[in-house]
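S.K.: Please find one structure pasted underneath; my questions will follow.
The values are calculated or read from the model by the stated rules, or taken from the named source; none is laboratory data. Because the structure is a prediction, the values reported are computed rather than measured. Using ideal geometry, Cβ is built from the backbone for each residue, glycine included, and neighbour counts are taken over all protein chains shown.
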């Protein structure tokens, strides 16, 4: 497809379970971002890749959160030992340039931790 | 630190009414400013942007002017349509290359 694709669209996890969220950016896009969006709030920055290099992970809330982009295209956000406070929509965005003035967002993965 | 503050929603208007959604920011220097829109069931998409003071961004009848004196970037539209119903996010691009978003303002336009 032409846009940013995220899967799964919805994920329900039991507390303590590990989850993996996938992002397929637009082909050829250099930059990739992960954001977390709580209900009724704006997206909050989690982490940023330029090609395969993770340049900024300052927004990851704890060491249970891990992201990778090993070949500079597809990215996976992994959350270990999920907690209820991890429930949110996780958004992926990509950009064709190094200066990230326009981001293309996926529809997100809605994670519910029970 | 850098932040963005938007007026709280929801905002409910009748079709053809005038729209203003207020946005103010705090930042070091003069960041690029953006409005993103999220239609129901869709991902965020860029609506308009302004990269320096006094610039006016415009798209689809929406406008916003970068005011450094008041550190504001208010979104306006002269005549809203039902199809404009969405959540609108103001954002700034900080020096680290990250977009910082406001909390979003939901707009509901009634026929």
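S.K.: Please state which one of B:16, B:8 is within 14 Å of chain A (Cβ to nearest Cβ), in a loop (DSSP other than H, G, I, E, B) and either out of contact with any helix residue (DSSP H, G or I) (no Cβ under 6 Å at 6 or more places or on another chain) or buried (at least 21 other Cβ atoms within 10 Å of the Cβ) (or both).
M.R.: On the way: B:16 fails: within 14 Å of chain A (Cβ to nearest Cβ).
Exactly one residue qualifies, and that residue is B:8.
S.K.: Please return the ranges of strands (runs of 3 or more DSSP E) entirely within the range A:19-78 where 1 or more residues are more than 14 Å from every other protein chain (Cβ to nearest Cβ) and in contact with a strand residue (DSSP E or B) (Cβ under 7 Å, 6 or more places away or on another chain).
M.R.: Working: elements: A:19-24, A:31-37, A:44-50, A:53-56, A:65-68.
Because the criterion is at least 1 residues that are more than 14 Å from every other protein chain (Cβ to nearest Cβ) and in contact with a strand residue (DSSP E or B) (Cβ under 7 Å, 6 or more places away or on another chain), the strands (runs of 3 or more DSSP E) in the range A:19-78 that meet it are A:19-24, A:65-68.
S.K.: So which of A:95, A:107 ends up being within 14 Å of chain B (Cβ to nearest Cβ), under 26 Å from residue B:41 (Cβ atoms) and surrounded by 22 or more Cβ atoms within 10 Å (Cβ to Cβ)?
M.R.: A:95
S.K.: Right, next: Out of everything in the range B:19-49 that is within 10 Å of chain A (Cβ to nearest Cβ) and touching a residue at least 40 places away in the same chain (Cβ under 8 Å), what residue ends up being surrounded by the most Cβ atoms within 10 Å (Cβ to Cβ)?
M.R.: Checking each candidate, the answer is B:44.
S.K.: Moving on. Check B:29, B:43, B:96 and return the single one that is in a loop (DSSP other than H, G, I, E, B), modelled with pLDDT under 95 and more than 27 Å from residue A:4 (Cα to Cα).
M.R.: Details: B:43 fails: more than 27 Å from residue A:4 (Cα to Cα); B:96 fails: more than 27 Å from residue A:4 (Cα to Cα).
So the residue among B:29, B:43, B:96 that is in a loop (DSSP other than H, G, I, E, B), modelled with pLDDT under 95 and more than 27 Å from residue A:4 (Cα to Cα) is B:29.
S.K.: Scan the range B:88-111 for residues that are in contact (Cβ under 8 Å) with a residue 60 or more places away in the chain and within 14 Å of chain A (Cβ to nearest Cβ) and report the count.
M.R.: Keep residues of the range B:88-111 that are in contact (Cβ under 8 Å) with a residue 60 or more places away in the chain, which gives B:88-95, B:99-111.
Retained after the next criterion (residues that are within 14 Å of chain A (Cβ to nearest Cβ)): B:88-95, B:99-106.
Summing the residues that are in contact (Cβ under 8 Å) with a residue 60 or more places away in the chain and within 14 Å of chain A (Cβ to nearest Cβ) in the range B:88-111 gives 16.
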